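Worksheet: the structure to be examined is printed underneath.
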Amino acid sequence: MDGGNVSVWKICANKKYTYLVTTTIAVLIAIVFNISLPNTFVSQEVLIVESSAPMNLLVGADMYARELMKKNHTSPVANNSFAYKNVFHSSMMINSIKNKNVKETSGKTVTMEQHIKKNYKGAWWEPLFGDKNTDDIIRDRLRYEIKLKPVIIIVQYEDEDENVSSQVTNALTSMLNDYFKDLNMQRIQPDLDYYKKRRLELGLEYKESSKKYSDYQDSHYGTELQAEQSQLEFLRNEMNSKYEEYSKACIMYKRAEMYTQQLQSVSTRIKTSQTFTSKNTMTWVASIAVALFLAVIMTSWYVLLKAKYGKNR
């Protein structure tokens, strides 16, 4: 095996000139490729999404708090990385960006659709595959990365204008926050409505039982009849029971309200917006490294195949 490996290395070493030519061509292709790409700006923000129930709701936890917390109000997309694609690339999101007013570096305010039609510069090979519409351009330039537990979202948008790139990224984070707020509200709203309805219903029942007790007590004041005293005791117990039910309903509604308020803050920016050019040093280094790697692999494959089949002839 060692002898075979040495012979392979010798075969490749004897083709230094071939390697020099192919790697030089590869580097030149990588340089031309990078130069041909449009120079754009990429703006990026990092968010953390609160996907679990707020723990401070359980401070002084009792049976009422536990009952509410048994319900699952976690956003259905919170721990599902595949679902985020539908959020980011939805027609609602794309249309919101397309119709957004942005202020260009020149100071002119236009819609994103107008800005793209005027300033978009794609790669030289793009026309070969047909013209892109505004929606496709936005969809291609909107990128994201999801990291679960905790849910961290890295959002970025690419554009020819530095200011526009930053504005769109800021708008995206706001739209995401609104989306999660709406999603959370859809899940807790039925409980909030239920507890509100129960509070009102039990409040009326308590008032009615309290009035019955008060009226009966006034109309039978000072009575010593056993039957009337028993009825008075029954009405008092009924009033107290209704009060306990009403108190529980009030507590449940208040806790549901607290939970709703806490769900209004579903994402927090943990890194402020930063903008950088798409043609940075790392891009150049990466493209040249890939080109060199492919050149070496393909040249080695060619040299070894030629050496093998050339001997058999």
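The values are calculated or read from the model by the stated rules, or taken from the named source; none is laboratory data. Remember, predicted model here, so these are calculated numbers, not experimental data. Please note: Cβ atoms are built from the backbone with ideal geometry, for glycine as well, and neighbour counts cover all protein chains shown.
Here are the numbers for this structure:
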| quantity | calculated |
| --- | --- |
| Residue list for the range 187-230, filter: aromatic (Phe, Trp, Tyr) and part of a helix (DSSP H, G or I) | Tyr194, Tyr195, Tyr206, Tyr213, Tyr216 |
| Counted residues, the range 188-201 - those being buried (at least 16 other Cβ atoms within 10 Å of the Cβ) and among the basic types (Lys, Arg) | 2 |
| Exclusive hit being surrounded by 11 or more Cβ atoms within 10 Å (Cβ to Cβ), assigned by TED's automatic domain parsing to the domain that holds Ser174, under 25 Å from Thr173 (Cβ atoms) and without any contact (Cβ under 8 Å) to a residue 40 or more places away in the chain, set Lys100, Lys108 | Lys108 |
| Glu162 touching a helix residue (DSSP H, G or I) at 6+ places or on another chain (Cβ under 9 Å) and at pLDDT 85 or above | no |
| Flag if Thr134 is crowded, with 16+ Cβ neighbours inside 10 Å and at pLDDT below 90 | no |
| Cβ pairs under 7 Å, 6+ apart, first in the range 129-144 and in a helix (DSSP H, G or I), second of a type in the set (A, V, I, L, M, F, W, C) | Thr134/Ile116; Asp135/Ile94; Ile137/Ile116; Ile138/Ile94; Ile138/Ile97; Arg139/Ile94 |
| Any hit, the range 164-185, residues being buried (at least 17 other Cβ atoms within 10 Å of the Cβ) and part of a strand (DSSP E or B) | no |
| Selected residue (only one of Asp159, Asp215 is assigned by TED's automatic domain parsing to the domain that holds Asn119, loosely packed, with under 13 Cβ neighbours inside 10 Å and not aromatic (Phe, Trp, Tyr)) | Asp215 |
| Residue selected from the range 233-257 under the condition surrounded by 15 or more Cβ atoms within 10 Å (Cβ to Cβ) and either out of contact with any helix residue (DSSP H, G or I) (no Cβ under 7 Å at 6 or more places or on another chain) or aliphatic (A, V, I, L, M) (or both), by the criterion farthest from Tyr194 (Cα to Cα) | Leu235 |
